[in-house]
Amino acid sequence: MPESAEIVIETEDGGMPAYETRPDGAAKGGIVVIQEAFGVTSHIEELTRRLAADGWHAVAPALFHREGSPVFAYDDFAAVMPAMGALTAGGITTDLAAAFDHLEAAGFSAAETGITGFCMGGSVTLYAATLHARGAAVTFYGGGVSEGRFGLPSLIEQAPNLETPWLGLYGDLDQGIPVDSVESLRAAAKRAKVETEIVRYPDADHGFNCNDRPAVYNAEAAADAWGRMLAWFDAHISRR
């Protein structure tokens, strides 16, 4: 059985709690899992375990560690927004470096690592994929497509600079991410020097992969997207 633990990863700004799951047996590689806007929720923890069940050593860092690593209810937007607003490009860059350094210390080279993120974490994932050449990156409904967040340019502006093969997964019913913006992101990503792909789900809303949110969870889209993510990792991440 995969082994899970709550750990602390040291960063330039102090300790960053993280949830880590190691597979049973040798890992295929290492995956950084970037949280939703609601924190490292039980859903995010579940996803690290699912990745480990597929053979990946997965770690989900708490990007809100400078605010005490809170986890918010899915309807508590009044509390979520200030926590998101406190994130900065510099802090995110620091935390990404620390998470990947943690995987490197576990024995995984850059080519043997990947990253995936959900909601807010999907935006961070694309940014991470512009910083270094790694195995693979997968974004689930990451916002900030047309307008930048956290002091970073928009995803459309960042996409041509992708260094890591990137897959984007979006729902057409997402009120915060219009289809036209997603198609502009597709076109921008095609200008990158690495392989990129975007998949749209006509009947899916924002958060469609989260089975803890019945109002938006779409089982069919979630299953397809998860399978595509695993296939993307298998295709692009160098095996140990």
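The values are calculated or read from the model by the stated rules, or taken from the named source; none is laboratory data. It should be emphasised that the depicted structure is a prediction, and the values quoted were computed from it without experimental measurement. Because the Cβ atoms are built from the backbone with ideal geometry, glycine has one as well, and the counts that use them run over all protein chains shown.
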Could you tell me whether region 40-56 includes any residue that is touching a residue at least 40 places away in the same chain (Cβ under 8 Å), within 28 Å of VAL80 (Cβ to Cβ), touching a Cys at 6+ places or on another chain (Cβ under 7 Å) and not in a loop (DSSP other than H, G, I, E, B)? yes
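Report whether or not MET1 is modelled with pLDDT under 95, surrounded by fewer than 21 Cβ atoms within 10 Å (Cβ to Cβ), within 21 Å of ASP212 (Cα to Cα) and more than 16 Å from the chain's Cα centre (by Cα).
Working: modelled with pLDDT under 95: yes; surrounded by fewer than 21 Cβ atoms within 10 Å (Cβ to Cβ): yes; within 21 Å of ASP212 (Cα to Cα): no; more than 16 Å from the chain's Cα centre (by Cα): yes.
Considered against the rule, which asks whether it is modelled with pLDDT under 95, surrounded by fewer than 21 Cβ atoms within 10 Å (Cβ to Cβ), within 21 Å of ASP212 (Cα to Cα) and more than 16 Å from the chain's Cα centre (by Cα), MET1 comes out as no.
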Just the residues that are in contact with a Pro (Cβ under 9 Å, 6 or more places away or on another chain) and exposed (fewer than 14 other Cβ atoms within 10 Å of the Cβ), please, taken from region 195-240. ALA235
Filtered residue count, region 191-240, keeping only those that are part of a helix (DSSP H, G or I) and either within 27 Å of GLY135 (Cβ to Cβ) or under 17 Å from the mean Cα position of the chain (by Cα) (or both): 16
Go through (1) closer than 19 Å to HIS206 by Cβ; (2) of a type outside the set (Lys, Arg); (3) in contact with an Asp or Glu (Cβ under 7 Å, 6 or more places away or on another chain) and name the single condition THR94 misses. (1)
Return yes when GLY135 is more than 13 Å from the chain's Cα centre (by Cα) and touching a residue at least 40 places away in the same chain (Cβ under 8 Å) and no when it is not. yes
Among the residues of region 96-114, write down those that are in contact with a helix residue (DSSP H, G or I) (Cβ under 8 Å, 6 or more places away or on another chain) and either within 22 Å of CYS210 (Cβ to Cβ) or modelled with pLDDT under 95 (or both). GLY114
Filter region 119-172 down to residues that are crowded, with 24+ Cβ neighbours inside 10 Å and β-branched (Val, Ile, Thr) and give me whichever is nearest to SER109 (Cα to Cα). THR164
